[in-house]
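Colleague: Take this structure first; my questions come after.
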Amino acid sequence: MTFVADTHALVWHLTEERRLGRAARRLFRSADAGRNLGYVPAISLVEIALLYEKGRLRVSLARILETLAGHTGYAVLPLDLEQSMAFASFPGVRDPMDRLVLAAARATGSRLVSADEALDGHGVERIWD
């Protein structure tokens, strides 16, 4: 099974795992063990860098990438045409970062690991609790 990690979910998995819902925690642990594949959208990496620059995140992009490199269960998902097309189908989602993460899940046919209930109802299964 594949899943797309929303930015906050990925950061919490790597820094404050107790903040994750039970189902989200299980999926991340399965990716850590190489049993499932967790996609990390490129836009999430951009968002992490921006949050770190603003002082809203204490872990750097380099540290996140270093940690992910140690696990075979994760792959960075570059932004592509299919995701761009899916992005256009979510005009009701106001945050462009959220739209791109949602588009990544739709384009890959993956579940979305996110606490954000605003991402429900867009044809992508959201996993959290």
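The values are calculated or read from the model by the stated rules, or taken from the named source; none is laboratory data. Every value quoted in this text rests on a predicted model; they were computed, and no experiment measured them. We place every Cβ from the backbone using ideal geometry, glycine too, and count neighbours over all the protein chains shown.
Colleague: Out of (1) in contact (Cβ under 8 Å) with a residue 60 or more places away in the chain; (2) out of contact with any Ser or Thr (no Cβ under 8 Å at 6 or more places or on another chain), what's the single condition that is false for K54?
Modeller: Every condition holds for K54 apart from (1).
Okay, residues lined up against (1) at pLDDT below 95; (2) under 23 Å from G123 (Cβ atoms); (3) surrounded by 17 or more Cβ atoms within 10 Å (Cβ to Cβ):
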| position | (1), (2), (3) |
| --- | --- |
| M1 | yes, yes, no |
| V4 | no, yes, yes |
| H13 | no, no, yes |
| R19 | no, no, no |
| L27 | no, yes, yes |
| S30 | no, no, no |
| I43 | no, yes, yes |
| E47 | no, yes, yes |
| Y52 | no, no, yes |
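Colleague: Also: Quickly run through segment 76-110 and pick out the residues that are part of a loop (DSSP other than H, G, I, E, B), without any contact (Cβ under 8 Å) to a residue 40 or more places away in the chain and under 17 Å from V40 (Cβ atoms).
Modeller: P78, L79, D80
Colleague: Then there is this: Of all residues in segment 111-128, which are in a loop (DSSP other than H, G, I, E, B) and closer than 16 Å to S44 by Cα?
Modeller: Matches in segment 111-128: S114, A115, D116.
Conditions (1) in contact with a strand residue (DSSP E or B) (Cβ under 9 Å, 6 or more places away or on another chain); (2) surrounded by fewer than 22 Cβ atoms within 10 Å (Cβ to Cβ); (3) aromatic (F, W, Y), marked per residue:
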| residue | (1), (2), (3) |
| --- | --- |
| Q83 | yes, no, no |
| S89 | no, yes, no |
| D95 | no, yes, no |
| V101 | yes, no, no |
| G109 | yes, yes, no |
| L112 | yes, no, no |
| D116 | yes, yes, no |
| E125 | yes, yes, no |
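Colleague: Can you tell which of A49, A9, A31 is under 19 Å from A104 (Cβ atoms), in a helix (DSSP H, G or I), in contact with a Gly (Cβ under 7 Å, 6 or more places away or on another chain) and touching a residue at least 12 places away in the same chain (Cβ under 8 Å)?
Modeller: A31
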